[in-house]
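Report on the structure given below.
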């Protein structure tokens with residue numbers, strides 16, 4: 001899957017989330033929802049974080065476990081030892097019968113401290129916001145919560161993803177929630193976004209065989225639009241994956257861009273290594289600028 005938009009640097013793949021991140025993700029079908037839940041949980045387990053999942057309250061717990069167990073028995077083992085916990089918002093706010101920001105925030109602070117005492121590197125939660133209509137919560141109150149919890153994240157080993165189902169929430173609510181979060185996640189795995197700006201084409205997501213055609217076209221468009229100025233910046237620092245086929249095509253197109261005097265590629269050390277192995281040094285107009293980015 002691919003997309004072309006003018007997004008901003010707060011849009012990242014789930015693999016780029018780090019402790020202290022508070023992220024929004026939307027989904028419009030069950031496939032994208034489960035992809036995100038599974039990837040988020042497994043990444044947390046691999047990083048020795050405690051993981052709490054508040055799934056859609058209409059989904060039976062046994063189904064959530066079955067989905068998580070699809071990729072091996074480690075999820076069940078993690079649940080047995082207490083690293084993976086399934087909860088509901090009703091349990092989180094208990095004994096309060098209705099959602100209150102104070103109760104939820106206090107519980108998250110308690111759970112974060114408990115996770116550290118238990119020897120985990122931190123705490124991450126996945127919260128399917130279908131609990132909002134389930135509890136009849138006030139949407140304005142939820143927006144207020146999302147925009148007034150910086151203290152949960154700043155300097156703390158806590159990560160949170162809030163997932164909104166496009167089929168249940170009104171478009172204006174989804175838009176408000178999207179802007180209420182400091183981070184936004186790609187809604188699917190295996191997505192490539194190209195974000196053209198003046199003199200720059202920024203890529204985000206995954207550049208692999210499945211997205212090669214889009215990568216090739218976006219790069220060609222960028223070269224065409226900057227032919228008059230003779231300069232172009234290609235920003236790869238928001239790519240989670242740069243495959244050999246896309247890297248080779250990038251070098252091929254840059255090599256053929258005779259109208260350009262200088263093409264700068266901003267990239268990670270790993271990406272720079274890939275490009276050098278494919279012959280970047282032989283392309284005179286090309287400059288590699290290595291940037292320190294998250295893995």
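The values are calculated or read from the model by the stated rules, or taken from the named source; none is laboratory data. What you are looking at is a predicted structure, and each value in this text was computed from that prediction instead of being measured. For neighbour counting, all protein chains shown are included, and Cβ atoms are generated from backbone atoms with ideal geometry for every residue, glycine included.
Things worth noting here:
- Reported count of residues in region 190-203, each being closer than 30 Å to residue 261 by Cα, outside any strand (DSSP E or B) and at pLDDT below 90, is 1.
Here's the yes/no breakdown for (1) out of contact with any helix residue (DSSP H, G or I) (no Cβ under 9 Å at 6 or more places or on another chain); (2) in the same structural domain as residue 130 (by TED's automatic domain parsing); (3) modelled with pLDDT under 90; (4) over 20 Å from residue 24 (Cα atoms):
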site	(1), (2), (3), (4)
156	no, yes, no, no
178	yes, yes, no, no
205	no, no, yes, no
217	yes, no, no, yes
220	no, no, no, yes
224	yes, no, no, yes
229	yes, no, no, yes
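- When we screen 39, 55, 76 for residues that are in contact with a helix residue (DSSP H, G or I) (Cβ under 6 Å, 6 or more places away or on another chain), more than 25 Å from residue 106 (Cα to Cα) and either surrounded by 15 or more Cβ atoms within 10 Å (Cβ to Cβ) or at pLDDT 90 or above (or both), the only hit is 39.
- Test: residue in region 168-176 that is buried (at least 20 other Cβ atoms within 10 Å of the Cβ) and touching a strand residue (DSSP E or B) at 6+ places or on another chain (Cβ under 6 Å): no
- Subset of region 280-295 that is exposed (fewer than 13 other Cβ atoms within 10 Å of the Cβ) and in a loop (DSSP other than H, G, I, E, B) - its residue that is modelled with the highest pLDDT: 284
- Selection within region 252-273 - closer than 28 Å to residue 15 by Cα and surrounded by fewer than 20 Cβ atoms within 10 Å (Cβ to Cβ): 264, 268, 269, 270, 272, 273
- Some residue of region 129-146 being surrounded by fewer than 19 Cβ atoms within 10 Å (Cβ to Cβ) and either farther than 30 Å from residue 57 by Cβ or touching a strand residue (DSSP E or B) at 6+ places or on another chain (Cβ under 9 Å) (or both): no
- Test: residue in region 201-218 that is touching a strand residue (DSSP E or B) at 6+ places or on another chain (Cβ under 8 Å) and on the phi > 0 side of the Ramachandran plot: yes
- Evaluation of residue 124 against the conditions (1) assigned to a loop (DSSP other than H, G, I, E, B); (2) under 25 Å from residue 152 (Cβ atoms); (3) under 26 Å from the mean Cα position of the chain (by Cα) shows that the sole unmet condition is (1).
- Of 187, 160, 172, 206, all but one fail to be within 16 Å of the chain's Cα centre (by Cα) and outside any strand (DSSP E or B); the exception is 187.
- Among the residues of region 141-154, just one is at pLDDT 90 or above and over 20 Å from the mean Cα position of the chain (by Cα), namely 151.
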